[in-house]
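Everything below concerns the one structure shown next.
Any read-out appearing in this document is the output of simple, stated calculations on the displayed coordinates, not a laboratory observation. Computed from a predicted model, the values in this text were never measured in an experiment. Here the Cβ is made from the backbone with ideal geometry for all residues, glycine too, and neighbour counts use every protein chain on show.
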Protein chains: 2
Amino acid sequence: MKHEKGIVLGEGAGGEMMQRMLSSLVLPHIRKGTIGDGGLPPELLDDSAAIGDIALTIDGHTVWPLEFPGGDIGKLSVYGTVNDLAVVGARPMALALSLIVEEGLDRELLVRLSRSIGAASESCGVQVITGDTKVVERGGVRGLVVTTAGVGRRHELLDGCIARAMERREGNLRWDQRWLRDDAVRPGDHIILSGSVGDHGIAVLSFREGYGYETEVCSDMAPLNALMESAMRVGGVVGAKDLTRGGLANALNEWASKSGFGIRVRDVDIPVKEPVRSACDMLGLDPYEIGNEGKLILGVVDGMEEEVLKAVRRTPEGRDAVLIGRVVGDRKEVVLETEVGGMRIMDPPYGDPVPRIC
Amino acid sequence: MKHEKGIVLGEGAGGEMMQRMLSSLVLPHIRKGTIGDGGLPPELLDDSAAIGDIALTIDGHTVWPLEFPGGDIGKLSVYGTVNDLAVVGARPMALALSLIVEEGLDRELLVRLSRSIGAASESCGVQVITGDTKVVERGGVRGLVVTTAGVGRRHELLDGCIARAMERREGNLRWDQRWLRDDAVRPGDHIILSGSVGDHGIAVLSFREGYGYETEVCSDMAPLNALMESAMRVGGVVGAKDLTRGGLANALNEWASKSGFGIRVRDVDIPVKEPVRSACDMLGLDPYEIGNEGKLILGVVDGMEEEVLKAVRRTPEGRDAVLIGRVVGDRKEVVLETEVGGMRIMDPPYGDPVPRIC
């Protein structure tokens, strides 16, 4: 395959192109000689990673515009990082915040965004305890880049949650599992989706100049740590993943590829709000490939799925949760069962259908 | 004081303008309601902050150009974060890395920088365990922004180090001190400087287009965790601070302002390399205001300064370390004793003498 000399946009999209770019240009050089000596399983290098009982995560946010229906870059940064910790089974302890400000950024806007960060941090009960600020010349960044890192501790509910999953499984698959992981699902497990897909990406896009459509769609951004606690309290959950870049299609494909098993989901059961569907139709986008910022999938062992679903539905962020399918024993691919009984492969997004939504 | 409507460059310079901007526009809104409930002393919100025995830090790097004599943005990111942890008395545990790449960035350059991150991480014995990558359109950032976060654990040498300091002090000043802190110096303490100042800033500047001078100055970037361990093993150290934006002048003034005491240093004892001095003369810059990336100051109780100095000098990063002055009981300001016996106030830098050096 021929490459451009320079990096192209799609290589930052969270999909297959990005994985290729990272594994050829970045990761082997960074990891060289550093992972291995007391190091960590590379599966955990995706959203959060763990060292002992401490989980660590980082996210750079370049969403444009900085404010959009239902949220802004400040809230997004806080929730994104809290969610990355929550889905591996960590209790978020504290956040660190880096601001890179373009010279000329409106002071009032900076105040609004700071307020938004404060409010978001309060609403999920996690403090911003340290930070760093740089100001660069005009054109050095576009408006504002916010990078957040978070540190969390292995959640006290996690042992019980995983133990209950293992009791249900035949054999002793992954009894050594200490965190919720992308590779932990096994044939027979059920997939719960916490609500409608595509909302965030479409909301951001609708607010951007040059897109000739209007919509009442708001971003679904929300912290998912309370939802995760409800699910873990029931137990039987082996994996959780929030839907961000690349949407549902990307998340399911990562699970299939990392676990080595197939996933089969039912088209008719995946909630897509009507305005999201019509915006996607108009723009030629697939709602399953559009990022959310307040939705996740859960992998739950057979026999506990209804109880977990009930617990998730009792939380505000999971009130529309549904069972969408199961892990199956065949090839590691994601298959979508259509309403009329057909089947099609749900590929991971290749490039970036909606850039700069996070 | 009148303000521009938009943020100006100097407000990101690490000096007094930045402190004002942050305390009026950002910090009160972010902290609101979040610091306080089991929260942390705000003094620790500067470079690293702590929650229990865990220290957390973050740094956004916007240095331009991306490669310069003696280093590059990759090494800088790793060392900067390791140093922020080391100077509060933490043992760095792991790093998280966020890359924001401008579309069109040369692939070979990305590989070189990744290698540099890997080598730097290896040389200080700290792993990059998680990361995030975004690609933005041309003009979205300039080349590459690297943000690193680090997590560390309270160093096992720290209790002994602080205990030995407290034994030497009359009274029981800050017996509750659990970390090395900016506000911990007291009258009588000695200030050790680990080597020459201004090297990094001048090296970066010399490599930038449009500056009509050449110099053989290389950046002094280096990890300071081994140096810190040597000093803590001796004990008697109450504070440590690496010299970054705003240089020595900024670091000393932060100690004076946060501790409430004065600091007196001797001009003749502060090492400035000859080419740094002549570049500063030519450009009208004060070498005490120019950032380093591998130098620090230590506050050491009276009677232990010679022993700590010896230990620091035995490390490669501290071989040129010197005693430069003491903490004094009068007004909280930094006074420079000149060679001819005069005195002048060493103010904190107001704006940014050398932008984008870190």
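Roughly how far apart, in whole Å, are the Cα centres of region B:60-129 and region A:304-358?
Between the Cα centres of region B:60-129 and region A:304-358 lies a distance of 37 Å.
Where in chain A are the DSSP H helices whose C-alpha atoms run 30 Å or more along the long axis and whose mean Kyte hydropathy is at least -0.5?
none
Apply the a/c threshold of 1.5 to the C-alpha gyration tensor of the protein assembly as shown and tell me whether it is rounded, prolate or oblate.
prolate
Residues of region A:254-269 with amide nitrogen under 15 Å from the 7 Å Cα-to-Cβ point of A:Met343?
A:261-267
First select every other residue whose beta carbon is under 12 angstrom from the beta carbon of B:Asn225; then total the charges, Lys and Arg +1, Asp and Glu -1.
Charge balance in the 12 Å sphere: -3.
Could you check the spin-label model distance between B:Arg233 and B:Glu306? Points 7 Å from the Cα along Cα→Cβ, value in nm.
Label at B:Arg233, label at B:Glu306, 2.1 nm between them.
For the modelled label position 7 Å from the Cα of A:Arg314 along Cα-to-Cβ, which residues of region A:286-305 have backbone nitrogen atoms closer than 19 Å?
It comes to A:298, A:300-301, A:303-305, nothing else.
Apply the a/c threshold of 1.5 to the C-alpha gyration tensor of chain B and tell me whether it is rounded, prolate or oblate.
Because its axes are fairly even, with a/c under 1.5, chain B counts as rounded.
To the nearest whole percent, what portion of all C-alpha pairs in region A:175-332 is separated by more than 23 angstrom?
36 percent
Could you pull the copy-to-copy label distances for B:Glu137, with points set 7 Å along Cα to Cβ, in nm to one decimal and sorted shortest first?
2.3
Going 7 Å from Cα along the Cα-Cβ axis for the label, what nanometre distances separate A:Gly188 from the same residue across the other copies?
7.1
Using alpha-carbon pairs under 8 Å, 6+ residues apart, how would you state the relative contact order of region A:158-345 in percent?
Reported relative contact order: 37 percent.
What percentages, rounded to whole numbers, describe P(r) for region A:9-154 computed over all alpha carbon pairs with 5 Å bin width beginning at zero?
P(r) over region A:9-154, rounded to whole percents: 2, 9, 16, 19, 18, 17, 11, 6, 2, 0.
So what is Rg over Rh here for region B:239-297, counting just Cα atoms and using Kirkwood for Rh?
Ratio value, two decimals: 0.99.
Just name one of A:Met282, A:Pro65, A:Gly118: the one whose Cα is farthest towards the positive end of the charge dipole of chain A (beta-carbon charges, Lys/Arg +1, Asp/Glu -1).
Farthest towards the positive pole: A:Gly118.
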